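Notes to accompany the following structure.
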Amino acid sequence: MYYSNIDQFKEANGYGLEDVWYPRVTSIVNIKAKPALYRYYAELANFNEGEAIKKQSADEGTLVHEAIEDILLGHSPSSDPRVKPAVDAFLKFNEARRIVANPDWVEHKVINRDDRYAGTVDALATIDGKFGVLDIKTSQAIYRDYNLQTSAYLVPLQKEMRDLSTRWILRIDQNQKCLKCGATRRVKGGREKIKGLNGRNPALCEHEWSEIRGEVELQEFPYFIDDYQAFLGAKKLWEWENEYWLKQIGYL
């Protein structure tokens, strides 16, 4: 990405905390190649279309994040109709799982002073008697890349909280199901994606879609050492890629 000045680079890629600038975890992990994202852009008419879809998707994801965080804090969630099925699904899910969030650690900044980076953790929570990092995603699947991000939060926090032992990805999404062939239809960012069931070609069916339904998935990832080493490798590559600006800042 092109930056016109130091302030623009710093704003886009990090946080100023305790009178020190730290690179942001999400900026660091974005250095990793994402072949599926490249295929997605290749299917679009132009780059601007992709950016518009990405922005709308991010706005919808923010609505879900805010609603889930309200629920975790014991507040009534927002009822924006665009994400209501997903939020309702989490309300039902949480009745059974009883996720207990630490209110002081919802949307909280995390600093690793030793390895020099910072990030924002979605929540620290207790689930099934274990205390750990909870990261909320609104994707259509749980991707391995997420482990880099959550390990970067867990490592410095463990130095402060010895009982912090694990991490979870909480995936919340919404879609429709074809009542004839079982295909799924997902609309995010204004873009429709239809996926056939068991490899079937969805174009062969005159679909009859169900109402939009929410979908919740929770996965635990207790082992993090290899993920953290991979994160540090990504950080080294990110520093190499942005060496010019990091030297201007005095970070390198």
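Please treat every number below as a calculation from the coordinates, not as lab data. If you're wondering where the values come from, they're calculated on a predicted model, not measured in any experiment. Positions of Cβ are backbone-derived with ideal geometry, glycine not excepted, and every protein chain shown enters the neighbour counts.
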Treating only the Cβ of Lys, Arg, Asp and Glu as charged (+1, +1, -1, -1), what charge dipole size does the range 155-252 show about its Cα centre? Round to the nearest 20 debye. 300
Charge-dipole axis of the range 6-249 as Lys and Arg at +1 and Asp and Glu at -1 on Cβ define it, positive-most pick from Ala183, Thr138, Ala125: Ala183
Magnitude of the charge dipole, the range 6-249, Cβ model with Lys/Arg +1 and Asp/Glu -1, debye to 20: 780
With a cut-off of 16 Å, note down the residues of the range 184-228 whose backbone N falls inside the zone around a label point 7 Å from the Cα of Glu95 toward its beta carbon. 214-216
Candidate aspartates and glutamates for bridging to Lys177, where Cα separation is under 16 Å - those fewer than 8 sequence places away on the same chain excluded: Glu192, Glu206, Glu208, Glu211, Glu215
Members of Lys84/Lys109; Lys109/Lys247; Lys54/Lys92; Lys130/Lys236 lying beyond 26 Å, as alpha-carbon distances in this model show: Lys84/Lys109; Lys54/Lys92; Lys130/Lys236
Near Lys55, which lysines are there with a Cα under 19 Å away, not counting those fewer than 8 places off in the same chain? Lys34, Lys137, Lys188, Lys193
When you have a sec, figure out the Kirkwood radius of the range 6-249 from all distinct Cα pair distances and drop it here in Å to one decimal? 19.7
On the formula 1/(1 + (r/R0)^6), with r taken between the Cβ atoms of Ile111 and Asp145 and R0 of 25 Å, the FRET efficiency rounded to 0.05 is 0.70
For Lys180, counting only lysines whose alpha-carbon sits under 16 Å away and dropping same-chain residues fewer than eight positions off, the answer is Lys195
Karplus 3J(HN,Hα) series, Hz, for the range 224-229 with 6.51 cos²θ - 1.76 cosθ + 1.60 (x for Gly, Pro): 9, 4, 4, 4, 5, 5
